[in-house]
Amino acid sequence: MTVDDLRLADYRPRTSLRVPVHEVPLPKFPVVDAHNHLGSAFGSPWAGRPPGDLIDTLDRSGVELVVDLDGGHGETLSAEIEQWQRTYPDRFAVFAGLDYDGWANDPAFGETEAARLRDSAVRGACGLKVWKLLGLRARDPGGRLVAVDDPRLDPLWMAAADLDLPVVIHIADPIAFFEPLDRTNERLEELHAHPDWHFWPTRPAGERDAPGFPPFDALLAAFEGVVARHPRTRFVGAHVGCAAEDLGLVGRLLDTYPNLDIDIAARIGELGRQPYSARALFLRQADRILFGADLAPDPAMYSLHYRFLETFDESFDYGTDPVPGQGRWQIHGLGLPDDVLRKVYRDNARRVLGLGRP
């Protein structure tokens, strides 16, 4: 095979940099993984396995508690709570979910979901997870996409506030997912492998009834509208507020809305390629950022996150796979000070979850 015949999928560049490497197998402080999936819905390798096996992995990784966002609702939620949260109440917190498919046949889906959340709280749910089906897939009885800021969902957000349950909300994906899949798209390989993640074509801004997906900026504007309209509700913007490529926007949202926090789940690949801006955000918003992985608990995966947060290492891979999963770049460590690490690793999540400090 000549270089001219080499496929991009087979390209494995090896760095020539000779830079320090600091492995961090354990974090400086105990960690709360505030964004993970242990249920079968997302194909977790831990689903159905004895919880004790995972406890051993968490102990070897310095993780004291994992938030499982796969609770769902009804008996499915009860089963998930029984497997994890009731077996090890100090190590797992299970969040409830929504019945997006049911909205197409329910004109009062907002009130229905509010009642379902109250039932989930009685069953023991520690919060609510809202997925990107809201705004991108879920439809109302008229066949229209349900917008993120649809006022029919106000009863749900108010119920979360009344129950004092945090809402982890994921309503947009990386900007490249909303752009044409051509030679300029920086996530070409990822979208080629997962075509259902590609939200294209998008409709014109402001034309909600036009065909196509909502543009990225429209989704973020709608998200801001919800956060602004419900100041009593504690929102956690998943994946760096769903806008990891625009830390200026994320910083403005955090400055403006005290009821908003963010997690870093599955976004060290984005944060680490803009280390100056990312570090500044962490230092300025140290009380509002939660650690999260969104990857199957594994010591090597966690160690990579600790290296990113704790060291000033340069140009290293953000994942453990041979080919970068998001884009062909490397990341740089943030070297966060201890007081910030303690908050990001643990204290902020325990506050949001209402757990206090033991």
(request) Take each of the peptides 201-207, 12-18, 33-39, 58-64, average the number of other beta-carbon atoms within 10 Å over its residues, and list them starting from the highest. (result) 33-39, 58-64, 201-207, 12-18
(message) Placing unit charges on C-beta atoms (Lys and Arg positive, Asp and Glu negative, everything else neutral), compute the dipole magnitude of the chain about its Cα centre in debye, rounded to 20.
(response) 700 debye
(message) So, R0 is 30 Å and r is the distance between the beta-carbons of Leu249 and Ala161; what FRET efficiency does that work out to, to 0.05?
(response) 0.80
(message) At 7 Å along Cα-to-Cβ for each site, give me the label-to-label distance between Arg208 and Thr76 in nm.
(response) 2.7 nm
(message) Between the range 297-358 and the range 13-62, how far is it from one alpha carbon centroid to the other, in angstrom?
(response) 10 Å
(request) Between Thr256 and Arg137, take the C-beta separation as r, use R0 = 25 Å, and let me know the FRET efficiency to the nearest 0.05. (result) 0.30
(message) Please report the spacing between the Cα centers of the range 77-141 and the range 196-233 in Å, no decimals.
(response) 22 Å
(message) Within the chain, what whole-number % of the accessible surface is contributed by carbon and sulfur, with the 1.4 Å probe and all protein chains included in the calculation?
(response) 53 percent
(request) Obtain the radius of gyration and the Kirkwood radius of the chain from its C-alpha atoms and give Rg over Rh. (result) 0.96
(message) Between Ala104 and Ser277, what is 0.36 nm times their sequence separation minus the Cα-Cα distance? Round to one decimal in nm.
(response) 58.1 nm
(request) Provide the FRET efficiency to the nearest 0.05 for the Ala9-Trp200 pair, computing r from the beta carbons and using R0 = 30 Å. (result) 0.90
(message) Please report the equivalent ellipsoid semi-axes of the range 3-159, computed as sqrt(5 x eigenvalue) of the Cα gyration tensor, largest first, in whole Å.
(response) 36, 26, 14
(request) Using a 10 angstrom cutoff on alpha carbons, build the Gaussian network for the chain and name the most mobile of Asp149, Asp339, Asp164. (result) Asp339
(message) For q values of 0.23, 0.29 Å⁻¹, compute log₁₀ I(q)/I(0) with the Debye formula on a Cα-only model of the range 139-195, without solvent.
(response) -0.92, -1.14
(message) Amide H of Ser315 versus every other amide H placed in the peptide plane: which residues, excluding those fewer than 5 positions away on the same chain, fall under 5 Å?
(response) Ile331, His332, Gly333
(request) Would you calculate the separation in nanometres between label points at Asp154 and Val323, each defined as 7 Å from the Cα along the Cα-to-beta-carbon direction? (result) 4.9 nm
(request) Find the accessible area per residue for the chain; the probe is 1.4 Å, ligands and nucleic acids are left out, and the unit is Å². (result) 45 Å²
(message) Please give the charge dipole size of the range 236-358, origin at the Cα centre, charges +1 on K and R Cβ atoms and -1 on D and E Cβ atoms. Round to the nearest 20 debye.
(response) 360 debye
(request) Once you have the Cα-Cα distance between His22 and Arg183, take 0.36 nm times their residue separation minus that, and quote the gain in nm to one decimal. (result) 54.4 nm
(message) For Lys28, give me every one of the lysines with a C-alpha distance below 27 angstrom, ignoring sequence neighbours fewer than eight places off in its own chain.
(response) Lys343
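The values are calculated or read from the model by the stated rules, or taken from the named source; none is laboratory data. Values in this document were obtained by computation on a predicted structure and should not be read as measured data. Counting neighbours? That spans all protein chains shown, and the Cβs are built from the backbone with ideal geometry, glycine included. Remember, those area values only see protein heavy atoms, side chains included, never the ligands or the DNA or RNA. Shrake-Rupley method; radii C 1.70, N 1.55, O 1.52, S 1.80 Å.
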